[in-house]
Structures are given as C-alpha cells and as structure tokens.
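K.L.:
What follows is a single structure, and I will ask about it in a moment.
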Amino acid sequence: MAASPHPDHKPWWADSAFYQAYPRSFADSNGDGVGDLDGVTAHLDYLSDLGVDAIWLNPVMVSPMADHGYDVADPRDIDPLFGDLTALDRLVTAAHERSIKLTMDLVPNHTSSAHPWFVEALAAVPGSRARELYIFRDGRGPDGTRPPNNWVSVFGGPAWTRVTEPDGRPGQWYLHLFDASQPDLNWDNPEVFADFEKTLRFWLDRGVDGFRIDVSHGMAKPPGLPDMAVTDVKLLAHQDDDPRFNRPGVHPIHRAIRAVVDDYPGAVTVGEVWVHDNAQFAEYLRPDELHLAFNFRLLQADFDAADIRDAIDNSLAAVASVDGTPTWALENHDVQRAVTRYGDGAIGLARARAMALVLLALPGSVFVYNGQELGLPEVELPEEALQDPVWERSGHTERGRDGCRVPLPWSGAAPAFGFSARADTWLPMPSDWAPLTVERQLGDPDSTLSLYRRALEIRRERAGSGTGVEWLPISDGALAFRRGGLVCALNTGERPVALPDGELLLASGPLSGAQLPPNTAAWLV
Ligand code: GLC
C-alpha cells in the first residue's frame, strides 16, 4: 500500500486513517489467550489491505495490568505478556515495510503502584524526596482519617487511599484519579518530566512514529487541591471546570513534550483531551503543543441528523482557531461499541455502517477501533468474567468497559475464532460470532469489512482533497455534506429521502432507486 499522497506537503497524519489495535484483543501469537505484539505483526497484511495509514497501539509497557496496561511499572520496556523489545522492533520494521506508521500509547498522568518510584515512596517518610514524585497529603480531621479533599476517582469511589507508614501507623493519603493502583504523579516536580523525556526519546529512537498521550488534560493539579463542586460524575463525563482536569498548568507540560518530539521530524502526538469548550480544547493544539487531540463529540452524538451535524460543526470549529487538524472516532476501548450504542441488532449494525461512511468522508485524521470494521457489537459478559477496575470500584453498579474489548474473531466456527490457539481467551468470546469473522466477511462483498475496505480505499485515493465540509440541502431527518468532490448523505429519519445529485460510489446498505432508506448512508461524486 502506498502512503497517502500529500501534494501540498501536509504532514502524513493530516489526512490519515489510524487503526487502534488493543493489543490484548487483536491477535494472540503464543496461545496464552491474550493478544500480543507478534500477533499484530502477523496481521499487518490485513491492516495494509484494510487500507490504514497508521496503528495506534494501546500501552504495551511493563504493567501489573490492573487497568490493562494503563498502570505502567516500567515505561521503557515491554511487558512479557505482549513480548519484548525485539518483538516491538519486528513490528515497527514490518509495519514500515508496508508504509504503515506505528504509534504507541504513553501514560504520563500516573504510574502503576508497582513502579519502583512508588514502592520507594511507600517505604519512605512523609516529606521525603521519594514522596514528592507523587501527590501525598495528610488527611483531614484530628487523626487525619478523612481524605485531603473530596475528589472522586474516575472509576468510582474516593480518589485518595491512605497508606500505612513505615513505622506501622496509619499515615498520609495519596491521590489517584483512576484506580488505587494508579497513583498520580506530581508534575510540579522536574524529575517527573526528566524521566518522561527519557521515555519519549527511548521509543522515538527505536523508530516509532509518535504517541497517543493518555489523559492529556490531566497531569497538572490546581494549587491547594480545592474540593470538587460536584462529585457525582460518570466515567469520562466530567465538566471543563472539574478541578481534577484541564488546569492551565497542563500547557507548559505539552510545550515541553513538543520540544522533545520536534527533534524527530514526522513524529506525531495525539492527546486524549476530554474538554468540551472549543476555545479551551483548541489551546491543546497550539503550534507548540499537541499535533492532534481526540474530539469525542461524534461518538457522543445520538443517531440523529441534527445531533451529528452539530457534532461535526463543533469538531471543525474546535480546531479552526488554531488551524488544527480535526480528528474523528466512533469507537475506542473506553466506550460502548457503536452497533450497540445505535440500537443493537440489525438496526444498530445498519446505523453503525452508515456512520462509518460519515466518519470516513470527513477531513482530517480518523480513528478506527479494532473490531469496528467487523461491526462487532458490545458483548454482555457474565459478571465473573468482568475485569475492568470500574466494576469493583463502582461497587458493582457499572459493568465497565470489558464489553468492547472482547478479542477479535478471525476465522473458523467456534471460539477462539482464530484469535488464539486456546478457546478460553482472556475475555470469553460469544459462540455465535462465526458470521462476524474476518474470514467470512472477506468473502462477502456486502460485509461490514468489505464496506470499510472500499471506503478506506476511496478515502485514500481522494486524500488531501477538501479540508472543509459544505452542508447541502436535504430533507428533514437527513444530512448531506460535500468534502472535496465527494458527497456524503445520511438518513437518520424514518422515511426514505431523495439522494443528492451525483453518481453513486458506495452505500452502507441497499438503496431503493434514487431514494436513501432510513439508517443508510451513501457516497456520491
Ligand atoms: C484513559 C484510557 C483508559 C484508562 C485511563 C487511565 O482514559 O483511555 O483506558 O483507563 O486513561 O489511564
């Protein structure tokens, strides 16, 4: 596959399709039931044929896996579960041979509690240098029995855990915005950045093409750690004035990161930025900060033309002031699968397919989460299978994110569907997934996989054409826009609508003459 042509010398990522490989769930090469790096390498031809420009690999660094790799104990080595540094080198080389870029996932906001720094901090005394790498505070109340403030963890429960001091007495508390096994780092301490710089250079020197930066709007904590006004916050649904995130001090951190990354021409940074306000979102994309930031409006929109149009307009507006590149996603490893979100069953699938054509028609960088191209639904897992820390921390009220992380079905008629040599994979695979396997879908021109392949092919052929979206008139309940020469029409209403003028290139489902049926999208030129 040839890299996208960029006649106007835009960077490679400016109009590219990223494929998010959740390494545990993509492909298992060694039969332990968990996906790994060699599994990704073994399926690079699949990704090349799918037509993606780059891979975003979720964290593969050494980790106890309390949050499946977002709890990093050694940021500069590969966890044995996924392979080793030579396996990563093999993947980078083989991806580059296919003109596919490889980006990794870095977690600067926190470490694992098994990180040597935190182990040392626990063994040290209050006020020590080791404790200054994290956010330790005395508790409130006469005996310090109440947490230092009222912050809650994103995964549920308090954001503070009390430690036992080396002398055996109950002692200070440490902050963890996520699980208790993910202590937040103290980014006011220059040692934290110095070490992060080492990590950036370590992977860039090995040839990776950039990073997705976890919780990019975290890291900086407000002076004095004031209480939150509202503590009843759902997972990743916090508001912009939440003191735990999006503090002004985060921007100098991004500038420092960018200064390092700029030493590696072509390397990209993609920030996870859960910030709603467009002006504040744009600050992360100033020329000396992140290259890209995830905008989650499209995946938060209902299957409703007005809502979707609003999300698109907003995402474009969010980057306009800084001349930034818009980003688009319908799924990732933290949210419910689109098929299920849009209504599940045949309707959910039809809508997810229609939204795929909307996604892939948009200008900028698009992200496809593994399995999305197969139309996988969210899996209703039995309670005993749940692994996401959200399940425990929410007191079993939130099932968490495991349902979108079930391994991919590649081939065959029964679990593990070619994902692994063993049937009992790390999350169980539904026994009725045979029709969803890559093998079956490749043989069917109408499959969701065939739709993604064709759409990505057309997108690539047209790369660089049109950086804006022009809305076209269409009946109520539908939307139509032109980007470059391509027109995309989507019908979210209940009745068929007339297709815009043009030659039909691709449709997400059967059409009825010149009519676009409900839950269907089409591309025309
Ligand atoms: C991000 C990741 C999520 C992880 C959390 C803590 O939101 O996408 O999977 O649990 O950060 O690192």
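K.L.:
Can you work out which of the residues in the range 125-151 that are within 18 Å of residue 188 (Cα to Cα) and either within 16 Å of the ligand (Cβ to nearest atom) or among the basic types (Lys, Arg) (or both) is surrounded by the fewest Cβ atoms within 10 Å (Cβ to Cβ)?
P.N.:
Taking the candidates together, the pick is 129.
K.L.:
On to the next question. Does the range 310-330 include one or more residues that are in contact with an Asp or Glu (Cβ under 8 Å, 6 or more places away or on another chain), part of a loop (DSSP other than H, G, I, E, B) and open to solvent by 50 Å² or more (accessible area, probe 1.4 Å)?
P.N.:
Looking for residues that are in contact with an Asp or Glu (Cβ under 8 Å, 6 or more places away or on another chain), part of a loop (DSSP other than H, G, I, E, B) and open to solvent by 50 Å² or more (accessible area, probe 1.4 Å), one finds none in the range 310-330, hence no.
K.L.:
Let me ask something else about it. Given the conditions (1) in a loop (DSSP other than H, G, I, E, B); (2) in the same structural domain as residue 22 (by TED's automatic domain parsing); (3) loosely packed, with under 14 Cβ neighbours inside 10 Å, which single one is not true for residue 194?
P.N.:
That leaves (1) as the condition not met.
K.L.:
Let me ask you something else. Out of the residues in the range 243-256 meeting the condition of being part of a loop (DSSP other than H, G, I, E, B) and open to solvent by less than 10 Å² (accessible area, probe 1.4 Å), tell me which one is nearest to residue 157 (Cα to Cα). Even if it seems obvious, please write down each step before you answer.
P.N.:
Here is the first cut: in the range 243-256, the ones part of a loop (DSSP other than H, G, I, E, B) are 243-249.
Checking the rest, the ones that are also open to solvent by less than 10 Å² (accessible area, probe 1.4 Å) come to 244-245.
Working: 244: 15, 245: 17 Å.
Only one residue tops the list, namely 244.
K.L.:
To continue, here is another question. Does the range 71-81 contain any residue that is in a strand (DSSP E or B), crowded, with 20+ Cβ neighbours inside 10 Å and within 16 Å of the ligand (Cβ to nearest atom)?
P.N.:
Yes: one or more hits.
K.L.:
Can we say residue 224 is farther than 27 Å from residue 359 by Cβ and open to solvent by 30 Å² or more (accessible area, probe 1.4 Å)?
P.N.:
Values: farther than 27 Å from residue 359 by Cβ: yes; open to solvent by 30 Å² or more (accessible area, probe 1.4 Å): yes.
Against the criterion (farther than 27 Å from residue 359 by Cβ and open to solvent by 30 Å² or more (accessible area, probe 1.4 Å)), residue 224 qualifies.
K.L.:
Take the residues in the range 284-306 that are surrounded by fewer than 16 Cβ atoms within 10 Å (Cβ to Cβ) and assigned to a helix (DSSP H, G or I), then tell me which one is modelled with the highest pLDDT.
P.N.:
Restricting to residues being surrounded by fewer than 16 Cβ atoms within 10 Å (Cβ to Cβ) and assigned to a helix (DSSP H, G or I), the top hit is 306.
K.L.:
Can you go through 163, 208, 154, 233 and tell me which one is within 16 Å of the ligand (Cβ to nearest atom) and open to solvent by less than 20 Å² (accessible area, probe 1.4 Å)? Write out each step before concluding.
P.N.:
Details: 163 fails: within 16 Å of the ligand (Cβ to nearest atom); 208 fails: within 16 Å of the ligand (Cβ to nearest atom); 233 fails: open to solvent by less than 20 Å² (accessible area, probe 1.4 Å).
Just one listed residue meets the conditions, 154.
K.L.:
A follow-up question, please. If I filter the range 107-124 for residues that are closer than 30 Å to residue 46 by Cβ and buried (at least 17 other Cβ atoms within 10 Å of the Cβ), do I get at least one hit? Lay out the reasoning, then the answer.
P.N.:
Step one: of the range 107-124, the residues closer than 30 Å to residue 46 by Cβ are 107.
Next, from what is left, pick out any that are buried (at least 17 other Cβ atoms within 10 Å of the Cβ): 107.
Yes - at least one qualifying residue is present in the range 107-124.
K.L.:
Within the range 1-20, is there a residue that is under 17 Å from residue 426 (Cβ atoms) and out of contact with any Cys (no Cβ under 7 Å at 6 or more places or on another chain)?
P.N.:
Restricting attention to the range 1-20, the residues satisfying the condition of being under 17 Å from residue 426 (Cβ atoms) are none.
Within the range 1-20, none of the residues are under 17 Å from residue 426 (Cβ atoms) and out of contact with any Cys (no Cβ under 7 Å at 6 or more places or on another chain).
K.L.:
Can you tell me which residue in the range 12-56 is surrounded by the most Cβ atoms within 10 Å (Cβ to Cβ), limited to those that are part of a loop (DSSP other than H, G, I, E, B) and aliphatic (A, V, I, L, M)? Don't jump to the end; show me each part of the working.
P.N.:
Residues of the range 12-56 that are part of a loop (DSSP other than H, G, I, E, B), as a first pass: 16, 22, 27-36, 43, 51-53.
Still in the running and aliphatic (A, V, I, L, M): 27, 34, 52.
Values: 27: 23, 34: 21, 52: 27.
Applying the filter and picking the extreme gives 52.
K.L.:
Does residue 239 qualify as being farther than 30 Å from residue 344 by Cα, of a type in the set (S, T, N, Q), away from the ligand (no atom under 15 Å from the Cβ) and out of contact with any helix residue (DSSP H, G or I) (no Cβ under 7 Å at 6 or more places or on another chain)? It would help to see each step written out before you state the result.
P.N.:
Values: farther than 30 Å from residue 344 by Cα: no; of a type in the set (S, T, N, Q): yes; away from the ligand (no atom under 15 Å from the Cβ): yes; out of contact with any helix residue (DSSP H, G or I) (no Cβ under 7 Å at 6 or more places or on another chain): yes.
No; evaluated as a whole, the condition is false for this residue.
K.L.:
Right, here's the next one. Please pick out the residue among 330, 316 that is in contact with a strand residue (DSSP E or B) (Cβ under 9 Å, 6 or more places away or on another chain) and at pLDDT 95 or above.
P.N.:
After applying the criteria, what remains is 330.
Condition check ((1) in contact with a helix residue (DSSP H, G or I) (Cβ under 6 Å, 6 or more places away or on another chain); (2) on the phi < 0 side of the Ramachandran plot) across all residues:
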position: 337; (1), (2): yes, yes
position: 352; (1), (2): yes, yes
position: 363; (1), (2): no, yes
position: 370; (1), (2): yes, yes
position: 418; (1), (2): no, no
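K.L.:
Another one. Would you confirm whether or not the range 86-99 contains a residue that is more than 23 Å from residue 272 (Cα to Cα), open to solvent by 10 Å² or more (accessible area, probe 1.4 Å), small (Gly, Ala, Ser) and within 16 Å of the ligand (Cβ to nearest atom)?
P.N.:
Looking for residues that are more than 23 Å from residue 272 (Cα to Cα), open to solvent by 10 Å² or more (accessible area, probe 1.4 Å), small (Gly, Ala, Ser) and within 16 Å of the ligand (Cβ to nearest atom), one finds none in the range 86-99, hence no.
K.L.:
Right, another one. Identify all residues within the range 448-483 that are part of a strand (DSSP E or B), open to solvent by 10 Å² or more (accessible area, probe 1.4 Å) and within 16 Å of residue 504 (Cβ to Cβ); write none if there are none. Please lay out each step first, then the result.
P.N.:
Of the range 448-483, the ones part of a strand (DSSP E or B) are 470-471, 478-483.
After this cut, where a residue has to be open to solvent by 10 Å² or more (accessible area, probe 1.4 Å) as well, the list is 470-471, 478, 482-483.
Those that are part of a strand (DSSP E or B), open to solvent by 10 Å² or more (accessible area, probe 1.4 Å) and within 16 Å of residue 504 (Cβ to Cβ): 478, 482.
K.L.:
Output the residues belonging to the range 37-52 that are under 18 Å from the mean Cα position of the chain (by Cα) and of a type outside the set (A, V, I, L, M, F, W, C).
P.N.:
Within the range 37-52, none qualify.
K.L.:
Select from the range 373-427 the residues that are within 16 Å of the ligand (Cβ to nearest atom), within 20 Å of residue 330 (Cβ to Cβ) and open to solvent by less than 10 Å² (accessible area, probe 1.4 Å) and list them in ascending order.
P.N.:
Once the filter is applied, which keeps residues that are within 16 Å of the ligand (Cβ to nearest atom), within 20 Å of residue 330 (Cβ to Cβ) and open to solvent by less than 10 Å² (accessible area, probe 1.4 Å), the range 373-427 yields 402, 403, 404, 405, 406.
K.L.:
A further question follows. Which condition number does residue 65 fail, the rest of (1) in a loop (DSSP other than H, G, I, E, B); (2) in contact (Cβ under 8 Å) with a residue 40 or more places away in the chain; (3) within 14 Å of the ligand (Cβ to nearest atom) being met?
P.N.:
Tallying (1) in a loop (DSSP other than H, G, I, E, B); (2) in contact (Cβ under 8 Å) with a residue 40 or more places away in the chain; (3) within 14 Å of the ligand (Cβ to nearest atom), residue 65 fails exactly one: (2).
K.L.:
Just to verify a result, which residue in the range 319-367, among those that are within 16 Å of the ligand (Cβ to nearest atom) and among the aliphatic types (A, V, I, L, M), is farthest from residue 10 (Cα to Cα)?
P.N.:
First, pick out the residues of the range 319-367 that are within 16 Å of the ligand (Cβ to nearest atom): 327, 329-337, 367.
Filter again for among the aliphatic types (A, V, I, L, M), leaving 329-330, 335.
Values: 329: 21, 330: 25, 335: 31 Å.
Residue satisfying both the conditions and the ranking: 335.
K.L.:
Mind checking whether some residue in the range 416-430 is within 25 Å of residue 295 (Cβ to Cβ), at pLDDT 95 or above and not hydroxyl-bearing (Ser, Thr, Tyr)? Steps first, please.
P.N.:
The initial filter retains those residues of the range 416-430 that are within 25 Å of residue 295 (Cβ to Cβ), namely none.
Taking every residue of the range 416-430 in turn, none turns out to be within 25 Å of residue 295 (Cβ to Cβ), at pLDDT 95 or above and not hydroxyl-bearing (Ser, Thr, Tyr).
K.L.:
Would the range 106-121 turn up any residue that is assigned to a helix (DSSP H, G or I) and in contact with a Pro (Cβ under 6 Å, 6 or more places away or on another chain)? So that I can check it myself, show each step before the final result.
P.N.:
Of the range 106-121, the ones assigned to a helix (DSSP H, G or I) are 116-121.
Applying the additional criterion that residues be in contact with a Pro (Cβ under 6 Å, 6 or more places away or on another chain) yields 118.
Yes, the range 106-121 contains a residue that is assigned to a helix (DSSP H, G or I) and in contact with a Pro (Cβ under 6 Å, 6 or more places away or on another chain).
K.L.:
To continue, here is another question. From the list 430, 445, exactly one residue is within 23 Å of residue 34 (Cα to Cα) and surrounded by fewer than 24 Cβ atoms within 10 Å (Cβ to Cβ). Which is it? Outline the logic, then answer.
P.N.:
On the way: 445 fails: within 23 Å of residue 34 (Cα to Cα).
The conditions single out 430.
K.L.:
Hey, another quick one. Going through 71, 15, 28 one at a time, which residue ends up being among the charged types (D, E, K, R), within 21 Å of residue 119 (Cα to Cα) and in contact (Cβ under 8 Å) with a residue 60 or more places away in the chain?
P.N.:
Numbers: 15 fails: within 21 Å of residue 119 (Cα to Cα); 28 fails: within 21 Å of residue 119 (Cα to Cα).
Among 71, 15, 28, only 71 is among the charged types (D, E, K, R), within 21 Å of residue 119 (Cα to Cα) and in contact (Cβ under 8 Å) with a residue 60 or more places away in the chain.
The values are calculated or read from the model by the stated rules, or taken from the named source; none is laboratory data. Predicted model only: the values in this text are computed from it and were never measured. With ideal geometry, Cβ positions are generated from the backbone for all residues, glycine too; neighbour counts draw on all protein chains shown. The area values use the complete protein model at the heavy-atom level, side chains included, leaving out ligands, DNA and RNA. Shrake-Rupley method; radii C 1.70, N 1.55, O 1.52, S 1.80 Å.
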